[in-house]
Amino acid sequence: MIPFLDLKAPHVELREEINAAIARVVDSGWYILGPEVEAFEAEYAAYCEAHHCIGLANGLDALHLALRAMDVGPGDEVIVPSNTYIATWLAVSQCGATPVPVEPDERTYNIDASLIEAAITPRTKVILPVHLYGQPADMDPILAIARKHGLRVLEDGAQAHGARYKGQRIGAHGDAVTWSFYPGKNLGALGDGGAVTTNDPELADRIRVLRNYGSRVKYVNEVQGYNSRLDPLQAAVLRVKLAHLDAWNARRADVAAAYLQGLGGSGLVMPHVPEWAVPVWHLFVVRHPQRDELQQRLQEAGVHTLIHYPIPPHRQVAYSDGGFAPEAFPIASGIADEVLSLPIGPNLAMDDVARVIRAVRAAA
């Protein structure tokens, strides 16, 4: 069986470096925040071409705390993609605000900027685009709309570590970018982890206070905050992996290039990459009208695939009180019914890539 993603292989590749980093933290005696987290924050901010990075416990907390730092609360609305992982919506709901979905561009699967302005109301406070599957959303028109209406822009970069939009790394196009370091990400920890990058010093300061019980001085609490701090052990592992991220992303790009060449004319809808985008291929997502049957045939052929994501947020039970009609957001629903993610990762052998191509062509 060719796995969808081999989580063990990158750690085997870097075993000595990772073990040394973990030992360094264990021997330091500093296990909450401290120098290791600060070092990662500085290194990741520089990598993202941003001024500030705030390490947090996970990607959902990064979204939630960034929205809170932007004063999003009950009665507010946040524009979100209809086609995304549910965490994007959950962060808005955790603030007491309302997620307002906007359909994607069917070519890129990212939010369609041309539809955003029609969704803005007097209650809109933030536009929250997602760089889905590792491909940047089209930020220039989104930022122009935000400036026109006096709105904040918070980017969800959980799948886009290292991606570039018009030559600049994702990291500070909008007011802030949130990150997840879930183990399966392009830059993944050995557990949960997250961060926010921004060029706004006031926003960065507010998030730092919120992540630590609302306190910057021990036992002095300025606001009702949270306990959401990146663990030093995870920071140490991420520092090791960050040095290899560009090389790993290049390997993913090689796999994607092979798929694009080898699966042309196979009956699949292939990924579309705009000329201004440099994706990092967190996922390689194709579409097929008989997706479930295709996935079953590939499983029988020894190829493990996944579906990202089988149920869009507006069709989840968690949002059954949202008042969404069954026919609402047909583009997101159509995508969810047809997408299939093929195996990809920095340690996927090209011989296995060739096997996947042969299996897909035979099955499709």
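The values are calculated or read from the model by the stated rules, or taken from the named source; none is laboratory data. Bear in mind that the values here come from a model prediction, so they are computed numbers and not experimental data. Neighbour counts run over all protein chains shown; Cβ positions are idealised from the backbone, glycine included. In case anyone asks, the SASA skips ligands and DNA or RNA and just uses the protein heavy atoms, side chains included. Shrake-Rupley method; radii C 1.70, N 1.55, O 1.52, S 1.80 Å.
Numbers below:
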{"item": "Within region 230-263, tally of residues that are open to solvent by 40 Å² or more (accessible area, probe 1.4 Å), farther than 15 Å from Gly55 by Cβ and not in a helix (DSSP H, G or I)", "result": "2"}
{"item": "Unique residue being under 30 Å from Asp246 (Cβ atoms), among the basic types (Lys, Arg) and touching a helix residue (DSSP H, G or I) at 6+ places or on another chain (Cβ under 9 Å) when the list is Arg287, Arg297", "result": "Arg287"}
{"item": "Scope region 248-274; condition under 28 Å from Tyr44 (Cα atoms), of a type in the set (A, V, I, L, M, F, W, C) and in contact (Cβ under 8 Å) with a residue 24 or more places away in the chain; matching residues", "result": "Trp248, Ala253, Val255, Ala256, Val273"}
{"item": "Sole exception among (1) within 20 Å of Tyr85 (Cα to Cα); (2) crowded, with 18+ Cβ neighbours inside 10 Å; (3) aliphatic (A, V, I, L, M) for Leu294, by number", "result": "(1)"}
{"item": "Ser93 being among the polar types (S, T, N, Q), in contact with a helix residue (DSSP H, G or I) (Cβ under 7 Å, 6 or more places away or on another chain) and at pLDDT 95 or above", "result": "no"}
{"item": "Residues satisfying the stated conditions in region 193-217, i.e. touching a strand residue (DSSP E or B) at 6+ places or on another chain (Cβ under 6 Å), in a strand (DSSP E or B) and more than 19 Å from Gly174 (Cα to Cα)", "result": "Ser215"}
{"item": "Pairs, first at pLDDT 95 or above and polar (S, T, N, Q) in region 44-69, second part of a strand (DSSP E or B) and open to solvent by less than 10 Å² (accessible area, probe 1.4 Å), C-beta under 7 Å, six or more apart", "result": "Asn58/Gly194"}
{"item": "All positions within region 14-49 that are touching a Ser or Thr at 6+ places or on another chain (Cβ under 8 Å) and either open to solvent by 10 Å² or more (accessible area, probe 1.4 Å) or in a helix (DSSP H, G or I) (or both)", "result": "Pro35, Glu36, Tyr44, Ala45"}
{"item": "Residue selected from region 218-229 under the condition open to solvent by 60 Å² or more (accessible area, probe 1.4 Å) and polar (S, T, N, Q), by the criterion farthest from Arg169 (Cα to Cα)", "result": "Asn221"}
{"item": "Looking only at region 297-318, and only at residues there that are among the β-branched types (Val, Ile, Thr) and either under 20 Å from the mean Cα position of the chain (by Cα) or within 22 Å of Leu260 (Cα to Cα) (or both), the one that is most open to solvent (accessible area, probe 1.4 Å)", "result": "Ile311"}
{"item": "Qualifying position, being within 18 Å of the chain's Cα centre (by Cα), farther than 30 Å from Thr98 by Cα and open to solvent by less than 10 Å² (accessible area, probe 1.4 Å), among Val360, Val339, Val280", "result": "Val280"}
